[in-house]
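Note sheet for the following structure.
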Amino acid sequence: MESYDVVVIGAGNGGLAAACKILSENRSCLVCEKHNIPGGFATSFVRGRFEFEASLHEFNGIGTPEEPGSSRILFEELGVADKIEWIHLKDAYHLISEKEGYDFVMPFGEEAFIEANKKLHPEGDKYARDFLTLAKQIREAMEYLSASKGRPDPQVMMEKYPDYLACSSYSVNEAFEALGYPKIIVDNLNTYWCYLGADGNNLSFLHYANMIYSYFVKGAVIPKYRSHELSLAFEQRIHELGGDIWFNSEVTKILTDDDGRVCGIELKDGRTIKTRHVIADISPHVVYGKLLDKVPAKARKLTNFRKLGGRGFTVYLGLNRSAEELGLHDHNYFIYDTCDNVAQYESMKTIGNTAAQATVCLNNADPDCSPKGTCIMYMTTLFMDDVWSEVKEEDYFKTKNLVAEKMIERFEKATGTKIKDAIEEIAIATPVTYARYCGQPQGTVYGYESQYYDGLMNRIQMVEEDRCVEGLRIGGGYGERLLGYPSSYKSGVNEAKRTLADLGKEAA
């Protein structure tokens, strides 16, 4: 029987990062992936003469080599930073909201962002500067808490981070109400809400402010060769470190001993691998629902207590005209019915309405991403309930085509740009697609939803208490840092560090 110090289930972002960290500490590690390529959602696919990005709109926290962000520092630590070519985006987004009549572009960069808010409101620069000052303190407080490993000095917290403590229990909407900013400033600051997939009444202000500070101050990037470039960089690094990745190798069982402790895994082909440590970069619904014979009551309760995040729906378009010809000037468009994120969230519980959609024209970031005279677009929305399970099999294709057509028409109406006649290739991914190809329950692309009772700060503080099976840890988008590319990588590394600490204790 083959044996490894650690087995990682799933070669998604979190799993790949976890394996790199384990191997960098001279421990043996095997990654088992049921697909024939790495990456999970971090991948690309080809239709005709177009290569489409499967999921990534933009990546924050990279910064520059001179002023690196937290994600770049992590990638350098793991030895993959020099394997990825980044393209820096010029602008954050083009916001179009029908009810409020908004139609403006917001740039990256602290001073540019402050100046852009002044154009929205006479005192917009003051409000934007005040917000970034607050968000910076929140970010620094979170870095201090991380460095203190959960044992901060109360005096330091009160003296250096008083505003962090003051707003720690606030939701996004509660915080903005308390701050008293004008509606247009609040609506602008709330634009990124769908990137975290929870409405402002349920989303932690600390979590949200930390994220958008990273975007507006450090900017955002995309990998030159789609997100699959990231996955291949990690795969290469794992091999350099002497690790193993087995593709087409689905794990069907996590084995436990009489004490309920992990002792190995079993693959679909019947092979058994011995290990005392498993990091699962897959949904706990799958781990506890399919892979374990003996499921602790605590695991059952914890998994059922959490709420699945948004279910993905994406329309991929290959157009036979260039972005310039079509009049597309921006990389990232947010098109909203209204900037009331609670109303948006509620309306996304039905198939009939696409209240919020994020659309990317990739060529406006990377002009060479498609053949000359063409361009690539993808439009994404979310469904906040399992409504696609209610669609009858005979109505599935008709329903998904109707939703896609509505999204295209909304984009045309909002921007005044006609794209329908230029469509050469179209692919549509529904929650059913994501469930089928990536094994995500109900087609969620966001893991568990960030709720006021189960948000980022709650998860970080309860990470050890949430552990249900000795030798088993959950990483990636379902881990303590919740959804998102940077968060998934960080979560995978965090679980690897905890696993390394467990290995150290066993050896002592």
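Just so you know, all these numbers are worked out from the coordinates, no wet-lab data involved. Given the structure is predicted, the values throughout are model-derived calculations rather than measurements. A quick note on method: Cβ atoms are made from the backbone with ideal geometry, for glycine too, and the neighbour counts reach across all protein chains shown.
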* To do: Counting helices only, and only those DSSP H runs with n ≥ 4, report the 222 nm mean residue ellipticity of the chain as the sum of -39,500 (n - 2.57) divided by its residues, in deg cm²/dmol to the nearest 500.
  => -11000 deg cm²/dmol
* To do: Determine the sum of side-chain charges near Glu53: Lys and Arg each +1, Asp and Glu each -1, restricted to other residues whose C-beta is under 15 angstrom from that of Glu53.
  => -4
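Could you work out the per residue convex hull volume over the alpha carbons of the stretch 35-74, in cubic angstrom?
Details: hull volume 4.3 nm³, N = 40.
Cα convex hull per residue, to the nearest whole number: 107 Å³.
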* Along Cα→Cβ, 7 Å out, is where each label goes; now give me the distance between the ones at Ser3 and Glu25 in nm to one decimal. => 2.0 nm
* To do: Enumerate the lysines that Lys83 could reach by cross-link, defined here as Cα to Cα under 17 Å, with residues fewer than 8 away along the same chain left out.
  => Lys21, Lys224
* To do: For Lys420, go through the aspartates and glutamates and keep the ones whose alpha-carbon is under 17 Å away, minus same-chain ones fewer than eight residues off.
  => Glu324, Glu325, Glu405, Glu409, Glu412
* Asked: Per-residue HN-Hα couplings for the stretch 243-250, Karplus 6.51 cos²θ - 1.76 cosθ + 1.60 at θ = phi - 60°, whole Hz, x for Gly and Pro?
  -> x, 10, 10, 9, 8, 6, 10, 7
* Asked: Using a simple charge model, +1 on the beta-carbon of Lys and Arg, -1 on the beta-carbon of Asp and Glu, nothing else, what dipole does the chain show about its Cα centre, in debye to the nearest 20?
  -> 860 debye
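Which whole number in µm²/s is D for the stretch 273-374 by Stokes-Einstein, with the Kirkwood Rh taken over Cα pairs at 20 °C and 1.002 mPa s?
117 µm²/s
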* Contour minus end-to-end for Asp130 and Glu465, with contour as 0.36 nm per residue of separation and end-to-end as the Cα-Cα distance? -> 116.9 nm
* Going highest first, how would you order 338-350, 451-463, 386-398 by mean Cβ packing within 10 Å? -> 338-350, 451-463, 386-398
* To do: Compute the long axis of helix 228-240 from its Cα atoms, compare it with the longest principal axis of the Cα atoms of the chain, and write down the angle in degrees, 0 to 90, nearest 10.
  => 20 degrees
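With viscosity set to 1.002 mPa s and temperature to 20 °C, compute the Stokes-Einstein D of the chain, Rh being the Kirkwood radius across alpha carbon pairs; µm²/s, no decimals.
For the chosen part, D equals 91 µm²/s.
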* Tell me which aspartates and glutamates have Cα within less than 18 Å of Lys497's Cα, excluding those fewer than 8 residues away on the same chain? -> Asp5, Glu25, Glu76, Glu77, Glu143, Asp281, Glu464, Glu465, Asp466, Glu470, Glu480, Glu506
* Radius 12 Å from Cβ of Met377, net charge of other residues (Lys, Arg +1; Asp, Glu -1) -> -3
* **Links that overshoot a 31 Å alpha carbon limit, given the list Lys119/Lys307; Lys268/Lys400; Lys136/Lys406; Lys126/Lys307; Lys183/Lys413** => Lys119/Lys307; Lys268/Lys400; Lys136/Lys406; Lys126/Lys307
* Asked: When the Karplus curve 6.51 cos²θ - 1.76 cosθ + 1.60 is applied with θ = phi - 60°, which whole-Hz ³J(HN,Hα) does each residue of the stretch 417-422 get, with x for Gly and Pro?
  -> 9, 9, 10, 4, 6, 9
* To do: Quick one: go through the stretch 340-381 and flag any residue whose amide nitrogen is under 16 Å from the point 7 Å out along the Cα-to-Cβ line of Val46.
  => 369-372
* May I ask for the angle, rounded to the nearest 10°, between helix 124-147 and the longest principal axis of the chain, with both axes built from Cα atoms and the value confined to 0 to 90°? => 0 degrees
* Asked: In nm, to one decimal, how far is the modelled label at His239 from the one at Glu506, with both set 7 Å along Cα→Cβ?
  -> 2.8 nm
* Shape box of the stretch 107-218 [Cα atoms, principal axes, largest first, Å] -> 43, 28, 23
* Structure fact -> Amide H neighbours of Thr252 at under 5 Å, excluding residues fewer than 5 places away on the same chain, with H built from the backbone geometry, are Glu266, Leu267, Lys268
* Enter the Cα centre distance for the pair the stretch 289-346 and the stretch 75-144, rounded to the nearest angstrom. => 21 Å
* Grab the other residues whose beta carbon is less than 11 angstrom from that of His331, score K and R as +1, D and E as -1, and report the net. => -3
* Counting only residues 5 or more places away or on other chains, whose amide H sits under 5 Å from the amide H of Ala92 once H atoms are built in the peptide plane? -> Met106, Phe108
* Structure fact -> Per 10 angstrom bin, beginning at 0 and ending with the bin that holds the maximum distance, the Cα pairs of the stretch 23-113 fall in percents of 11, 28, 33, 20, 7, 1
* Distance histogram in 5 Å bins (all Cα pairs of the stretch 158-197, percent per bin) -> 6, 20, 25, 21, 19, 7, 3
* Structure fact -> Karplus ³J(HN,Hα) for the stretch 85-91 (6.51 cos²θ - 1.76 cosθ + 1.60, θ = phi - 60°; Hz, whole; x = Gly/Pro) runs 9, 9, 10, 7, 7, 7, 10
* Asked: Quick one: if you stick a label point 7 Å off each Cα along the C-beta vector at Asp82 and Glu424, how many nm between them?
  -> 3.8 nm
* To do: Choose one of Tyr448, Pro367, Ala209: the residue whose Cα lies farthest towards the positive end of the charge dipole of the chain (beta-carbon charges +1 Lys, Arg; -1 Asp, Glu; about the Cα centre).
  => Tyr448
* Asked: Helix 396-415 versus the longest principal axis of the chain: what is the Cα-based angle in degrees, 0 to 90, to the nearest 10?
  -> 40 degrees
* Asked: Fully extended, how many nm does the chain gain between Asp257 and Glu111 (0.36 nm per residue separation, minus their Cα-Cα distance)?
  -> 46.7 nm
